[in-house]
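The values are calculated or read from the model by the stated rules, or taken from the named source; none is laboratory data. Since this is a predicted model, take the numbers as computed values, not measurements. When we count neighbours, we look across all protein chains shown, and the Cβ atoms used for this are built from the backbone with ideal geometry, even at glycine. When the accessible area is computed, the model is the full protein with side chains, heavy atoms only, and any ligands, DNA or RNA have been set aside. Shrake-Rupley method; radii C 1.70, N 1.55, O 1.52, S 1.80 Å.
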Amino acid sequence: MLNWETAVQKAFARRQDNLLLEFTATVDYKNPNILEKYKSKIIQRYDFKAFNQDGYSKVVRPLYNEATQAIDQKRALIVHAVALSQYRKLLAASLGVVLNPVILVKSTKVKQSEEDRNFFNAVIQSITPEDFRPLLKLGDSLRSALSKAEASSTTSSQGHQEDLTIAQMFTWLADAKRRGALAGPRDPDGLQHFIASIKEDFSPESTLVYNSQKKDNPTLLKKLDDPRNTIRTIFSVQALNEGWDVLSLFDIIHFDIASTKKVSLQDVQLIGRGARLFPYELPRKYDNAGMFSQDFGTDRYKRKFDRSPQAHERILETMFYHFVKTGAYWEGLKEDLLGEGIINRGSVKITLKLKEHFQKSETYRKGFVLLNKRVQRTEVTERELDAFLQKPLEVRPYELRSESLHDRQRAQAMEALETKKIKLTEEFFSRTLLRSALMVAEGDFFRHENLARHLPGLESVDVFLTRHLPRFEIIYRHHPNKSFEGLSAQEKHHLLVHAVLPQIRKAMDREMPLMMGSRTFYPVPMEKVFSKVKDIWLVADDGATGPQGEKLPFSSTERARSQINHFDDELRCDLSRESWYAHNDNYGTLEEKRFVKYIQNHITKLQSRFKGCEIFLLRNELEYFVYSLKDGRRFAPDYLLFINDRVNRQFYFQCLLEAKGEHLWEHDSWKQEALLNITHNAEVDLTAPPGGVEVHGKSFVASADFLLTVRAEHYETIKCLGVAFYNAEPEKEQAFQTSLGTTLGL
């Protein structure tokens, strides 16, 4: 039989030195024949479960109606889906995220797709606030139940998380103080304006049918993730189960309300279509401390709120499957989705506590944490200017960026290029040409008003043109038959506008950012930063079995393992007996646990060097943040080491420490630079800064009495110090030890 597989095998067999690599997301490991065929050939398995656990997928939740509900089932499904979809869009817009979430309606039969669209349009045009009452009641009744369950249990399933999202939606709509609020005196709950926006965005023109018999403008399917997309609802049956992937898909409505409906492979595939995360970035000013996942940070391609499942913004990472719960349909579908790793058992809550011994210490009762602020750039040092102006910039012929070239063609073209060093001087570009390019390149970036924000004190664009631009060295790579000397004035202008000046802008954004972390650090009471009790939320995976045989949320990740009773002898550490460790346990990564073991092995040396001092190591679970002095980027060091000379009052040291795995060493190198920069350049001010400092996402101003008490301690030296990364690899561990010793004078 001639098919795609046999054709590939024939081509593969033509030469003995051929190598065949297959990439697939659809290996059915449950099929014994397929398993037998592939088990000896699998080089790397990265299935959806791993994809999900690494944070690249949406959280998938059910939202269903009970079959006994005495209302129009299809109407309720539509109202629920469009409400959550529109809430998601409006919330995203309020954060500066452009998102046009798509709803997929799965009809039972091809001929019914058009009827379902007509019904959908009729529901949209007739929606009233009354349609939301059952949804409002559902959210309100279970929000308190969820809070009670979380307060009394160490684990929480996904059971009522969707209801919390619904309650949050109505709270958000009714918030009249919010910027761009819908609520007002004549619309106190915001529903009238909300409904008006739904009717506008879900007009008949925003829907299309796509099935085997009718395909409305199929080219639009490829543009659903485009920011300008206006299609919000698609009606289909089976046509989009495979080979279709859209990141903007956030809601699926299953219109089969029959009590006899069965789970099919197509149902699982359909949900998998929209399970990939929609990439988004929150604005830099969005610093909701303690909400981002420390592992994922603000990576646009990963979930950001695994550590805060109750955050409003979690809906930007959540897809809802809307259906009528009849028979055993959901139980069967849930098991299949769990098996594929598309959904999780729920969330696991781990509680971290500060030891009583630490809470009674002077360091906790009278001590403080040093924080800096993000501030606007107000000066430029010669060192910063040199770093900005003296790094060579490489530019290439603009036409090589054309997408029409294949990778091989582009590589061959690049190999043939020659190199010439040029300068932004009149030897290479006329002054008129440079001025003209500055006026049109990168929008308004090279206007004096903006340049002066990056380079405070810059008198004019002419000064930038004559004093700064000539210092750049440009490495111009060109075709042998297209030397710089042969470029026309128009081509030189094109080169400046599309290649040279964009590179300079990137260098300026990187080396001379508008914001930076203040060199000055300010004291804040320790109890205001480090909570006595801190809950850590982790995504559950396979599940554990309870006493009645029920499945319980369970996480097998390293972050869920206690260091006190760790299975690995080399990592196990009874921290309950270690007076220097401030918390009851450590739930860090492997590298973080190795770091704690390192401190345990060297604590005697520290205690000998700093006799009579209180020495405490605190685990930082997104409670303390520091801003890079260079560019204002915010991060949370893994641990803080406090050395408090409580007897002689000679010094009070706060050391910021970061354990870093090999795979993140290069990616996070900027953090190491920031830590070392703090050691060399930070200073401490024992007064309250204007506007306070940020603590747990809010501005905090230390009281006058607290600051007076701190000053009354009369410490000779108060320092915030940063140390090089820790890694257990011998050479890197030695580098950390050297850095720590130099920093603390060991």
Quiz item: What are the principal axis extents of the Cα atoms in the range 312-365, in Å, biggest first?
Solution: 60, 23, 20
Quiz item: Counting Lys and Arg as +1 and Asp and Glu as -1, each charge on the Cβ, what is the dipole of the chain about the Cα centre in debye, to the nearest 20?
Solution: 340
Quiz item: Put a dot 7 Å past each Cα toward the Cβ at ASP336 and PHE706; how far apart are the dots in nm?
Solution: 5.5
Quiz item: Quick one: with all protein chains in place, what share of the accessible area of the range 600-746 is carbon or sulfur, to the nearest percent (1.4 Å probe)?
Solution: 49
Self-check item: Per residue convex hull volume, Cα atoms of the chain, in Å³
Solution: 237
Self-check item: Solvent-accessible area per residue for the chain (1.4 angstrom probe, square angstrom)
Solution: 49
Quiz item: Roughly how many debye, to the nearest 20, is the charge dipole of the range 543-670 about its Cα centre, given +1 on each Lys and Arg Cβ, -1 on each Asp and Glu Cβ, and no other charges?
Solution: 480
Exercise. State the Kirkwood hydrodynamic radius of the range 622-733 in Å, one decimal place, computed from all pairs of distinct Cα atoms.
Key: 15.7
Quiz item: In the structure shown, do any of LYS373/LYS597; LYS58/LYS671; LYS660/LYS719; LYS605/LYS719; LYS534/LYS660 have a Cα-Cα gap over 25 Å, and if so which?
Solution: LYS373/LYS597; LYS58/LYS671
Quiz item: Around ASP386, with a cut-off of 11 angstrom between Cβ atoms, what is the net charge of the other residues, counting Lys and Arg +1 and Asp and Glu -1?
Solution: 0
Quiz prompt | Accessible area (Å², 1.4 Å probe, nearest 10) - MET439 | solution = 110
Self-check item: FRET E, pair LYS349, SER264, Förster distance 30 Å, beta-carbon r, rounded to 0.05
Solution: 0.30
Practice problem: Only bridges with both residues in the chain count here: give the DSSP antiparallel percent, nearest 5. | Solution: 55
Quiz prompt | Label zone at ASN681, where the point sits 7 Å out along the Cα-to-Cβ direction: the range 337-380 residues whose backbone N lies under 20 Å | solution = 370-380
Quiz item: So between GLU491 and VAL533, what do we pick up on full extension, going 0.36 nm a residue minus the alpha carbon distance?
Solution: 8.7 nm
Self-check item: Long-range tail of P(r) for the range 1-131 (Cα pairs > 27 Å, %)
Solution: 53
Quiz item: Which of GLY55, LEU95, VAL268 sits closest to the plus end of the dipole of the chain, meaning its Cα is farthest towards the positive end, when Lys and Arg get +1 and Asp and Glu get -1 on the C-beta?
Solution: LEU95
Quiz item: For the range 419-533, what does the alpha-carbon gyration tensor say about shape, rounded, prolate or oblate, given a ≥ b ≥ c as the root eigenvalues, a/c under 1.5 as rounded, and a/b over b/c as prolate?
Solution: prolate
Quiz prompt | Options LEU641, PHE554, ALA688, ranked by Cα towards positive dipole end of the chain, top entry (Cβ charges) | solution = ALA688
Exercise. Find the relative contact order for the range 597-652 and round it to a whole percent, using C-alpha pairs within less than 8 Å whose residues are 6+ positions apart.
Key: 35
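Name the helices (complete DSSP H segments) of the chain with a Cα length along the long axis of 27 Å or more and a Kyte-Doolittle mean of at least -0.5, or state none.
Long hydrophobic helices here: 73-94, 133-152.
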Self-check item: Top positive-direction residue, dipole computed over the chain with Cβ charges, set PRO456, HIS478, VAL626
Solution: PRO456
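Tell me the net charge near GLU578. Cut-off is 12 Å between Cβ atoms, GLU578 excluded, with +1 for each Lys or Arg and -1 for each Asp or Glu.
Here the count lands on +1.
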